[in-house]
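Inspection log for the structure reproduced underneath, given as structure tokens.
Please treat every number below as a calculation from the coordinates, not as lab data. Bear in mind the structure is a predicted one, so any value in this text is a computation, not a measurement. Don't worry about glycine lacking a Cβ; one is built from the backbone with ideal geometry, like all the others, and counts go over all protein chains shown.
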Amino acid sequence: MTYKQEFIKFLVHCNALKFGEFTLKSGRVAPYFINTGMFDTGHKINKLGKFYAHAIKEHFSDEFDGIYGPAYKGIPLCISASIALNNMGVDKGYVFNRKEAKTYGDKSTVVGMELRNNSRLILIDDVITSGKAIRESLMTLKANNDPKVKGIIISVDRQERGKDNTNALQAVEKILNIPIFPIVTITQIKEYLHNKKVNGKIYLDDAMLEKIDVYLAKYGSKDA
């Protein structure tokens with residue numbers, strides 16, 4: 001079993017991936033929903049870090065200096081991923097930003113490894129919609145010696161179209177000029193879970209697959 005397949009099972013085990021009817025922030029009514037807030041125990045966040053670490057190693061090997069996680073959700077992600085990488089024999093730094101300015105001590109806007117102009121970072125987050133949070137992170141990093149962001153790892157690419165009818169994630173990638181890699185895509189989730197029992201239950205049967213396909217035919221990108 002690949003780490004991607006293990007991650008899909010993990011999403012189901014943690015109830016972070018649900019099937020049904022969900023109204024999204026965009027107003028779209030989707031037949032599936034991803035809630036990364038369900039990784040709420042030490043065991044879960046430890047395991048989640050391992051999946052991010054596998055994705056980082058796959059796409060970047062060890063050619064970077066540290067992992068950046070945007071506050072707040074990115075904080076446990078960057079720490080757990082750096083611990084997982086260390087357990088794989090790759091010892092790298094981690095750093096995250098403060099949401100509120102510190103008015104005492106060093107008054108730094110970031111916490112963690114020292115950032116230099118030649119520092120190479122991998123940014124990790126749960127999901128990306130508009131890219132607003134990522135742009136804010138890049139502004140924070142620019143004000144802290146402007147390290148190089150080599151790429152971004154997220155949990156799931158929903159493979160949905162944005163306002164210009166292209167893949168929303170690819171549109172953000174183009175704007176930022178930084179490669180973005182998901183651990184898994186909704187297509188990979190469909191292919192792996194279709195009529196497969198997890199926890200003794202089939203979560204994605206023929207009827208649910210049809211609903212997802214109809215939704216993606218309407219809102220999905222060409223690669224969905």
Seminar exercise, completed: Out of GLY89, GLY151, GLY66, a Gaussian network model of the chain with alpha-carbon springs under 10 Å gives the largest mean-square fluctuation to GLY89
For this session: Only helical DSSP H runs with n ≥ 4 go in: add -39500 (n - 2.57) per run for the chain, normalise by residue count and round the 222 nm mean residue ellipticity to 500 deg cm²/dmol.
Result: -12000 deg cm²/dmol
For this session: Diagonalise the Cα gyration tensor of region 19-162 and give the resulting equivalent ellipsoid semi-axes, square root of 5 times each eigenvalue, largest first, whole Å.
Result: 26, 19, 15
Exercise. Quick one: ILE152, ILE212, fewest Cβ neighbours within 10 Å first, how do they rank?
Worked result: ILE212, ILE152
Seminar exercise, completed: Quick note, region 41-83: a/c under 1.5 would make it rounded; otherwise a/b > b/c is prolate and the rest oblate (a ≥ b ≥ c, C-alpha gyration tensor); here it is oblate
For this session: Could you tell me how many degrees, from 0 to 90 and to the nearest 10, lie between the Cα long axis of helix 206-219 and the main elongation axis, the longest principal axis, of the Cα atoms of the chain?
Result: 60
For this session: Give me the percent of DSSP beta bridges within the chain that run antiparallel, rounded to the nearest 5.
Result: 40
Exercise. Among all the lysines, which ones have a C-alpha under 23 Å from LYS18's C-alpha, if same-chain residues fewer than 8 places away are not counted?
Worked result: LYS4, LYS9, LYS44, LYS47, LYS50, LYS73, LYS190, LYS196, LYS197, LYS201, LYS211, LYS218
Problem set entry | Rounded, prolate or oblate (a/c below 1.5 giving rounded, otherwise prolate when a/b exceeds b/c) for region 154-224 by Cα gyration tensor | oblate
For this session: Step through the residues of region 29-42 one at a time and calculate ³J(HN,Hα) from phi using the Karplus curve (6.51 cos²θ - 1.76 cosθ + 1.60, θ = phi - 60°), rounding each to whole Hz and writing x for Gly and Pro.
Result: 9, 9, x, 9, 8, 10, 10, 6, x, 7, 7, 10, 10, x
Exercise. How do THR166, THR23 rank when sorted from fewest to most other Cβ atoms within 10 Å of their own Cβ?
Worked result: THR23, THR166
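By counting other Cβ atoms within 10 Å of each Cβ, how are GLU191, GLU160 ranked from fewest to most?
With the sparsest Cβ surroundings first, the list reads GLU191, GLU160.
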Exercise. Quick one: Cα convex hull volume of region 106-224, Å³ per residue?
Worked result: 127
Exercise. Tell me, in nm to one decimal, what length is gained between ASP206 and ASN46 on full extension, where the rule is 0.36 nm per residue of separation less the Cα-Cα distance?
Worked result: 54.3 nm
